[in-house]
Amino acid sequence: MPDDSKPHGHAFATRLSHVGRAGTNVHAFVNPPVHRGSTVLYPDIASRKEAGNKRFEQALVYGTMGTPTHWPLENAIAEIEGGTHCQIVSTGLAAVTLPLLAYLKAGDHCLMPDSVYGPTRGFCDTMLAKMNIATTYYDPCIDAAGLGALCRPETTVLYLESPGSHTFEVQDVPALAAEAHRRGAKVLLDNTWGIHHFQPFRHGVDVSIQALTKYAVGHSDVLLGGVTVNSEEEWQRVRSAAITLGQYASPDDCWLALRGLRTMAVRLERQERSSLEVAAWLATRPEIKSVLHPALPGAPGHDIWKRDFTGACSLFGIVFRPDISVESTHAMAEALQLFGKGASWGGYESLALPTTGFVTRTAGTGEFGGAMMRLHIGLEDPGDLIADLDQGMVRLNARRE
């Protein structure tokens, strides 16, 4: 595979610092301004009519069609994902539902990993079901032959989430994508965990989904999503659906995401290093049955991760020994001083979230042999986080006695 990670000779961190900006040899502020507005005025009716034909271009037509604040962010995300076009939407969940609605219609069949993000499952089981769109949940570790056996003539979409954001199964994306394409299905991937570290279009993906709320924003204060494609055909499909559905994101939120992007390379590097240090320490603890961190040697999915990814993010899971109760793990989480108890991830602050009893599995893939917890490692010193987890283990063990 050719190494095109440095187009124009520039590394990822350099590109993040400059993409979507006017440049360095200009007389202007460093960051692009915020453009807010709904109505766009034209000098004459002919110009207004011409603008109406530019729905697939970055042109001022109407506020919901994009502004000079949206476009730099869309360009940046498309470049990070290795695609050609990106549609910015209001939330990570909107980035999931938009392409599902764009590619599915009544009578179609969708294949969805059993490890999928809960609200994605909820959308399939409610909205898609009401539209007479069937969903089959499959083992995320399935091989191409097993996937082929689940395909139907009406299978239109294969959805992937790799790794799963609660249980961290790493899917064989190239093999599964090849099988889906062989059967005429499109491949959609939730690539939030793999931002920058996994290039979806090199591995057969048609549409890449990002919850930009996470690493792009990086500060846990903005909700935003992105849908990226790598061909004009897919862009026409996604963009048309976005316009029809009235998908839109606040320019203020886009501006904040652009600001967050400038430091994302530094944060990803630091959080990967810290998460591996914490994960390695947890792997030595007698209370822990297994650590679900794909980048940790010996962890489930490590071989595929090593083959397909260039790095890892800050989110991973732990499985406690079977003799440790769920209530004990809750006591541990509540004892932690540096880990917040809350959903989401990708921000500068660490989080701990018990997941046993909170995650739905329907295809028989949810048994891990013990109570589980998900950890997000922020920008705190990893030594302090380890010390906090150590004192949390004291509470856990006291609860067991």
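Here is how the numbers come out for the structure above:
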{"read-out": "Rounded to whole Hz, the Karplus (6.51, -1.76, 1.60) HN-Hα couplings of the range 117-122, x for glycine and proline", "value": "3, x, x, 5, 4, x"}
{"read-out": "Modelled FRET efficiency - R0 35 Å, E233 with A59, Cβ distances, 0.05 increments", "value": "0.95"}
{"read-out": "The range 199-230 and the range 76-140: distance between their alpha carbon centers, rounded to Å", "value": "13"}
{"read-out": "Helical contribution to [θ] at 222 nm, DSSP H n ≥ 4, -39,500 (n - 2.57), averaged over the chain, rounded to 500", "value": "-10500 deg cm²/dmol"}
{"read-out": "Relative contact order of the range 224-337, pairs being alpha-carbon contacts under 8 Å that are 6 or more residues apart, as %", "value": "20"}
{"read-out": "Cα long-axis angle, helix 70-81 against the chain (0 to 90 degrees, to the nearest 10)", "value": "50"}
{"read-out": "Approximate spin-label separation R202-R182, in nm, with each point projected 7 Å along Cα-to-Cβ", "value": "2.4"}
{"read-out": "Sequence-separation-based contact order of the chain, relative, with Cα cut under 8 Å and 6+ spacing, percent", "value": "16"}
{"read-out": "Net +/- balance of residues flanking G148 in space, Cβ distance below 10 Å, scoring K and R +1, D and E -1", "value": "0"}
{"read-out": "Spin-label pair R36/H18, simplified geometry with 7 Å Cα→Cβ offset, distance in nm", "value": "3.3"}
{"read-out": "Amide H contacts of G340 (H built 1.01 Å from N, under 5 Å, at least 5 apart or other chain)", "value": "S350, L351, A352"}
{"read-out": "The chain - charge dipole about Cα centre, Lys and Arg +1 at Cβ, Asp and Glu -1, debye rounded to 20", "value": "680"}
{"read-out": "Choice from K54, K341, K289 showing the highest fluctuation, given a GNM over the chain with Cα pairs closer than 10 Å", "value": "K54"}
{"read-out": "For the chain, built as a Gaussian network whose Cα springs stay under 10 Å, the top-fluctuating residue of E50, E81, E169", "value": "E50"}
{"read-out": "Rounded if a/c under 1.5, otherwise prolate or oblate - the range 265-400, Cα gyration tensor axes", "value": "oblate"}
{"read-out": "Acute angle (nearest 10 degrees) that the helix 264-283 long axis makes with the longest principal axis of the chain, alpha-carbon atoms", "value": "20"}
{"read-out": "Integer Hz, Karplus 6.51/-1.76/1.60 couplings in order for the range 220-228, x for Gly and Pro", "value": "6, 9, 9, 9, 6, x, x, 10, 10"}
{"read-out": "On Cα atoms only, tilt of 173-182 relative to the major axis of the chain in degrees", "value": "50"}
{"read-out": "Cβ charges +1 (Lys, Arg) and -1 (Asp, Glu), total dipole of the range 265-400, debye", "value": "300"}
{"read-out": "FRET efficiency, 1/(1 + (r/R0)^6) with R0 45 Å, evaluated for V394 and D143 via beta carbons", "value": "0.55"}
{"read-out": "Convex hull volume per residue in cubic angstrom - Cα atoms of the chain", "value": "151"}
{"read-out": "Per-residue ³J(HN,Hα) for the range 305-311, Karplus 6.51 cos²θ - 1.76 cosθ + 1.60, θ = phi - 60°, Hz, x for Gly and Pro", "value": "4, 5, 6, 9, 9, 9, x"}
{"read-out": "For the range 316-375 versus the range 267-314, the gap between their alpha-carbon centres in whole angstrom", "value": "16"}
{"read-out": "Dipole of the chain, positive end: most advanced residue of V278, S17, Y248 [Cβ charges, Cα centre]", "value": "Y248"}
{"read-out": "Burial ranking of peptide ranges 196-203, 241-248 (average Cβ count within 10 Å, highest at the top)", "value": "196-203, 241-248"}
{"read-out": "Extension gain, K130 back to R307 (0.36 nm per residue minus Cα-Cα distance, nm)", "value": "59.8 nm"}
{"read-out": "Distant-in-sequence amide H partners of V89 (H built 1.01 Å from N, under 5 Å)", "value": "G225, G226, V227"}
{"read-out": "For K186, distant residues with modelled amide H under 5 Å away", "value": "V157, L158"}
{"read-out": "Extreme residue, positive dipole direction of the range 265-400, given options W305, G392, A335 (C-beta unit charges)", "value": "W305"}
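Every number in this text was worked out from the coordinates using simple rules, so none of it is lab data. The structure presented is a predicted model; accordingly, all values stated were derived computationally and were not measured. Don't worry about glycine lacking a Cβ; one is built from the backbone with ideal geometry, like all the others, and counts go over all protein chains shown.
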